[in-house]
Each structure stands twice: as structure tokens, then as C-alpha cells.
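Reviewing the structure listed below.
All of the numbers you see were taken from the coordinates with simple rules; none came from a lab. Values in this document were obtained by computation on a predicted structure and should not be read as measured data. Reconstructed Cβ throughout: ideal geometry from the backbone, glycine too, with neighbour counts over all protein chains shown.
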Amino acid sequence: MTLDSPDPTIVVLDTAPRALNPRLPFTVERQASGSRARATTFRTRHGEVHTPLFMPVGTQATVKAQTVESLTMAGSRMLLANTYHLLLRPGPEVFQRFGDIHRFMHWDGPVLTDSGGFQIFSLPHSRAMNEEGARFQSYVDGKLHLLSPESSIAMQQVIGSDIMMALDQCIPSTASFAHAEAAMALTHRWAERSLQARGDAPQALFGIVQGACHPELRKTSAEFLRELPFDGLAIGGLAVGETQRERYDMTALVTDFLPSTLPRYLMGVGTPLDLLESVHRGVDMFDCIIPSQLALRGVVFTSHGKLQLRRSVYKFSEAPLDANCDCQTCRHYSRAYLHHLIKTDEYLGWHLLGLHNLTFYHRLMREMRESISRDDFLVYYRKKRGELERSDEDNPSRPPKKAKPILSARLGDYEIHHSTQGFASLRHISSGEVLHSVNAPDEEANRLYIEQSCLAARLVQQPTAADPLVIWDVGLGAAFNAMAAIRCFERCLIERSTTALRPLHLVSFEHDLNSLTLATKHPGTFLHVRHPAPSKLLKTGGWEHPSGLLRWELYHGDFQDRLDDAPVPELIFYDLFSAKTATEVWTSAIFARILQCCSEKATELYTYSASTAVRVALLTAGFFVAEGVGTGPKAATTIAFNRATGAKEHPRLPRLLGREWLVRWRRSHVQFPPTLTAEEKEHVARLIETHQQMAD
């Protein structure tokens, strides 16, 4: 059900009446006719709060660019702080010393603390989730932390907030049904643990409804949580990928199933229009960074519409920011001065525009409450919705945007190639060869090299090995394979500890760095380079992980010229141009040199090629050759071992080429490289026929 044309016959579902909540006494004073909008009051340990309510986001015990005095002046009554950030800095010891966050930041009003679930969601490459909680790496000092329902509640109790939030698993609102269902079920189990961890503490605790954009899951989640003894319920997992229409529909659906006897809180939303629409759908409380973040960019909300103060049209304007606003900014400063502050990136500009935006938000909340109390909210809603959709009425024409510099999709002998399957890779212009032409490069790197080599298991099962695990990344290219190895290492580091992980030494060989340079210039296209490692490697020839357990080294030049200088590898990711483009790196001679370099260790070589010529070159060089996993349309790839027992000792037990392959080889029209003499062909045939693995 949507509420574009409100139905005065709407029936709001409710559960059985509840006793007065001693932690958060709550009263519904009025519900608007023909709308779910309601005016409510609840009392916290630090004072009474009236809704609809907007909470400025004070993530780290401060609202960006504002003081406690300016927040009070703007009309702020309750602030939001974040458990995740405050856990890392300043840490629980500081709050224990000061008593609570109120004394620490000199704020005497109520505070709500988010549990940290959304921040964990925002760090997909720096955390690992399981039943216990979220294990993540600190952005402050690199230390590992576990945020569980119990530790989140314990930290919120130390902070001393008036309202705590249960830890939830936040996922994209566009997630699949199965993914959303699993996250919802985990959120429910964590909700019960959060309540148990709260015990008899005096702080109120809210549960969080999840379920992405799947109506049946949202209904299930609301019905489950409303039966638990929470002091309020929140709607989480919105404003993270869905459309505006989906957001409004999910909000209306969830409030249908929330009890009228508890506060309703929509997390992380949103624009003034979002707030108006959500109050209309029965929400009481909101938080969002928009007022402060848009102020930083020079954007303000006014009765004239939304203004962008960076525009040169304001350079000589003596008019106040908003003639209908009585905030300090509008009373004392001209648009010209504010334009100047924003153009010169002065912090005072951020402060003054932020003060105005917060005043605008709080005035909107007051106006909605007053209209609900007068029971003319629908009239107010229809009028205000049109006002909030406007842009600058005083200067409606927009100056032409400056043309953005167009980044070239070509560098040297490489250009970006966009596949019809929806992913991007690189094309070698002179040869016409597309790197990863069929499979998404990230997926192929993980399946062919990381998963097939069981890299994660090698790192965590051999932590006492004396030497680091050495990987040769032969053919760095755009660093898909190297970054897949680094991501694997970082996941293992989060799940384990530095004492339970084997060091990794990654050696990349490449003679033409234009492919990686081009990828780093287009991080929006190639997401894997959104990491400090690739740029550092290009600048200095190496990168080291903050843990000290991973070193990435570049061997710049032709592989044949550099391989003798490199440390002995245990794994080789052989991902050079195909034999058609680079014949010299797929010969028996080059593989024999590699075999000689690896004589001290058991070594495994993985490559995407399953061609008969490549396998013949490996066999005649002395490798033991097995079939590797298929990738995309390729039925198989190739694994080569320098030890006869390599395949049997491999966790996946790959199948060595045997009599079947030999029979097919004998019938093949490409048994030998085309340049061999008759005598050389006879020698190769003898090596293949008498190879130890063929006899087995």
C-alpha cells in the first residue's frame, strides 16, 4: 500500500496494550486524520523529547562543524553518536573516566547511539561476519576488533547513551531474497542477545527491522521484533541502494506492523522531502548526515528552494540566505559572503550553512508536529511536498556546467574494453587480444588462482613456516590476480590474528606497466584498484601491508630476464599473453628454466591455458601436468607440479593427464610447435611417451 492518495480508512495494526515502559515512558498525543502521521512524546534520562524528531549525526561525539551552543541555537534536542567510531577513538577508557558522553562533549540533552552495524556494512574489504559478530580491522591503528551484540551493548553502556541500538547485519536494500533472509535471521538472533546483554541497565534499547526490499521479509521481521521487550523499533537497511519509491513503500509496509505503543525510528534517512513522506507513513524519529554534508558542498535548503551557494550568481548578492528564516546565518550574513566562504573552503562557511540546514530541519519537524496537533496535517503535507521539491526559485536558470576532463580510455598499447556481459577488461591494441575476454576478471582471478591454489588454507594452516609463502605473479597486467591474492590475505588476517598467519611475499613480473596505470586512472570502472597497494607499487616498485606480514614487489622487465633474480616460489600464477601473441614465454625452454629455479621447493604453476601445445611444453620441460578447473566456457585450465607427488598432496586432488590424454595427443594435428625439425619432433614425442605420469 502506498500513501500518495491517503485513505482515511487506514487501519494501523497493533499488538496488545503494554504497560508503561519505565525506561522510556511514551505517549501518542495525536494521530492525524487520513494519515499515519502522529505527534508523540517520550521521556529519557536527560529530558523529554517531542516527535516528529530529527537527530543531527554526531558520529564521533561531535556534529561536523557545529558546537553544542550552535546545535542548541538551531533547535537540536537529541543527538546521535556511533558506537563503532567511539570504540576505536577515543575508546571506552575515556568515557569511563568522564562518566558518560554527556559530560565528555558538554551536551545535556538525550543521546542515541547506533550499534555500528551500518559502519561494518560500509567496510566490505576490512571485516568478516559470522554468528559471533563482526571482526574488523581498525582504520585508526590496524588492530583487530570483534563487535558482537554483547560488546556493542557494553560499549554503549560505557558511552552512557539514553537509547541504545541492537547490533544488526545491514546489507544492500537490493540484495537477493536468500541473502536478505539470512541477514534478517542473524539480526533477530543478535537482537535477542542484545536484550540479554542489556540486563537491568536503565538505558532504553531499540530493535532494528531488516529484510531489504522484500515485503514478506519486512513483515516477518517486524512481527518477530514487536514480540520482544524492546523500548522502540527502528527500520534499518534503507537508503542503501533502493529507489525513492521503494523506500516509501517499505516504510509504509513496516509501520503497518509496528506497535503504536512504541517509538518508530527510520535510520539514516534523509532529505526534507524524505522526512515529510516518512512522517506521513507513521515514522517518529530520524537521523541523517545530509544537513552537514550538503552544507560542506555549499548546498542549503530554504523556503526559496534548494540553493547551491557555489554558483557565481550569488557573488554580489546582498540578500539573506532565506528571508523567512531567523537563524543566525540568515540574520547576519549575505549570500555574497557565504558564497565567498564556500568558494575559499573556509570552515566558517561549513559552520554557517550547516547551522542553517539544521535550523531548517528542526523547523520542519516543529511545523509537522503543530499540523498534526491541529489535525490539518494532510493540508500541510500536500502544500509542503510541492515546496520541498523546488530548486532555486530566485535564480531558476542553471549556468552551464563546466565540461569535466575526459579521461582517455587508452594508454600506450592498451585500451579499456567493455564486455557485452557487463564487465570491463583491457585490450592489447597491437595484437587485438582482450585480457579476460569471456569472464569477469575478478571472478576469474579468484576461481582460477586463489580458490584453486587453496591460498587461504595455506596462509592459515602453516603459520609456523619459517619462510614466507612466495607467489610469482607472472604477467601483472592490471593486477587482477595480485589484488585477488591481497584481498584473500586481508580476509584471513581479519578472521585470524597476526600470530596465526603465514607471511606472504608476492612477486609480480611485468615489462609494460601501462595496463595497470590505465586501470588506476579509472577506479570507477576497475573497482579492484580502490586500494593503496596498486598506486604505491607503480610509484615505488613495492608495497607492504601495515601488519608487516605481506610484501608486494614488482620485477619490472621481461620475465625471461628477471626470473633468476626472484625468490623461489611455492605458487606461480602464469597469466601472460597467449602463445599466439607471445610465443617465447610458452616454450619448453622457458618452463625448464622455471623448473630449475624451483628445485629447492615443491612448486605449483597455475595457468588459464589448456592448449595441447602449452601442456606439451610443460611435460617436456619436466613438469607433472594436471587438469585445472574450468572458467566460463573453458572446460579446463592447467596445473603443473614440479614434484611427482604434487597432485596427490594437493587438497583438491587434481587429475593428472594420463593415457586418455596421450591417445588424444597422438591424434592431434598440433602435437608439436610448428618450428620444430623432424629430429626435434621425434625427441619431444619420446619425452611425452616416456614421461613418468603417463606410465602411472
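A DSSP coil position with no more than 14 other Cβ atoms inside 10 Å describes the following GluC sites (Glu not before Pro) in segment 205-301: GLU227.
Note: relative contact order over segment 436-657, using C-alpha pairs below 8 Å and six or more positions apart, is 20 percent. In this structure, VAL670 and PHE177 have a Cβ-Cβ separation that, at R0 = 56 Å, corresponds to a calculated FRET efficiency of about 0.70. Does anyone have the angle between helix 480-495 and the longest principal axis of the chain? Alpha-carbon axes, 0 to 90°, nearest 10? Compared with the principal axis, the helix lies near 60 degrees. Express the Stokes-Einstein translational diffusion coefficient of segment 436-657 in µm² s⁻¹, to the nearest whole number, given a Kirkwood radius over alpha-carbon pairs, 4 °C and a viscosity of 1.567 mPa s. It comes out at roughly 74 µm²/s.
Distance between the modelled labels on SER373 and THR27, one decimal in nanometres: 1.2 nm (7 Å Cα→Cβ projection). Shown for THR67, THR677, THR187: other C-beta atoms within 10 Å of each C-beta, ranked fewest to most, produce the order THR677, THR67, THR187. Explain nothing, just the number: relative contact order of segment 28-387, from Cα pairs under 8 Å at least 6 residues apart, as a whole percent. That works out to 19 percent. Label separation (LEU348 vs SER138): 3.8 nm, computed from points 7 Å beyond Cα along the C-beta direction. Computed from Cα atoms, the angle from the helix 377-388 axis to the main principal axis of the chain rounds to 50 degrees. For segment 557-625, run through the GluC sites (Glu not before Pro) and keep only the ones in DSSP coil with at most 12 other Cβ atoms within 10 Å of their Cβ. Here the GluC sites (Glu not before Pro) that fit, given the DSSP loop and packing criteria, are GLU600.
Remark on THR40: its backbone amide H falls under 5 Å from those of GLU29, THR51, a criterion applied only to residues 5 or more positions apart or on other chains, H modelled at 1.01 Å from N.
Net charge in the neighbourhood of ILE471 (other residues with Cβ under 13 Å of its Cβ; Lys, Arg +1, Asp, Glu -1) is -2. Between ASP284 and ARG264, TYR265, LEU266, the built amide H atoms are under 5 Å apart, and every one of these is 5 or more places off in sequence or on another chain. Counting Lys and Arg as +1 and Asp and Glu as -1 over every other residue whose Cβ lies under 12 Å from the Cβ of TRP665, the net charge comes to +3. Here the Karplus curve 6.51 cos²θ - 1.76 cosθ + 1.60, taken at θ = phi - 60°, turns the phi angles of segment 591-602 into couplings of 5, 5, 5, 4, 4, 5, 5, 9, 4, 7, 10, 6 Hz, with x standing for Gly and Pro.
In percent, what relative contact order does the chain have, based on Cα pairs under 8 Å that are 6 or more apart in sequence?
Details: 1298 pairs, mean separation 68.0, N = 696.
10 percent.
Legend: distances between Cα atoms for LYS64/LYS306; LYS143/LYS536; LYS539/LYS601; LYS143/LYS219; pairs beyond 30 Å are LYS539/LYS601; LYS143/LYS219.
Determine the calculated [θ] at 222 nm for the chain from helices alone, applying -39500 (n - 2.57) to every DSSP H run no shorter than 4 residues and normalising by the residue count; nearest 500 deg cm²/dmol.
Numbers: 27 runs with 253 residues, N = 696.
Value at 222 nm, helices only: -10500 deg cm²/dmol.
With K and R counted +1 and D and E -1, the other residues having a Cβ less than 9 Å from that of GLU433 yield a net charge of +2. With the convex hull of the Cα atoms taken as the outline of the chain, the averaged projected area works out to 35.8 nm². Database note for the chain: Cys without another Cys beta carbon under 4.7 angstrom, CYS170, CYS213, CYS288, CYS327, CYS454, CYS488, CYS492, CYS597, CYS598.
Distances between placed amide hydrogens fall under 5 Å for GLU604 paired with LEU571, ILE572, all partners being 5 or more residues away or on another chain.
Taking label positions 7 Å along the Cα-Cβ direction at both THR499 and HIS511, the computed distance is 4.8 nm, reported to one decimal. Taken one residue at a time, the phi angles of segment 171-182 give Karplus couplings (6.51, -1.76, 1.60, θ = phi - 60°) of 10, x, 5, 9, 5, 5, 4, 5, 5, 5, 5, 5 Hz. Gly and Pro are set to x. Fewest neighbouring Cβ atoms within 10 Å first, the residues SER194, SER371 line up as SER371, SER194. Coupling constants for segment 361-370 follow from the phi torsions by the Karplus curve (6.51 cos²θ - 1.76 cosθ + 1.60, θ = phi - 60°), and in residue order they are 5, 5, 5, 4, 4, 5, 4, 5, 4, 5 Hz; glycine and proline get x. For ARG43 and VAL629, a Förster radius of 51 Å and the Cβ-Cβ distance give a FRET efficiency of 0.25, rounded to the nearest 0.05.
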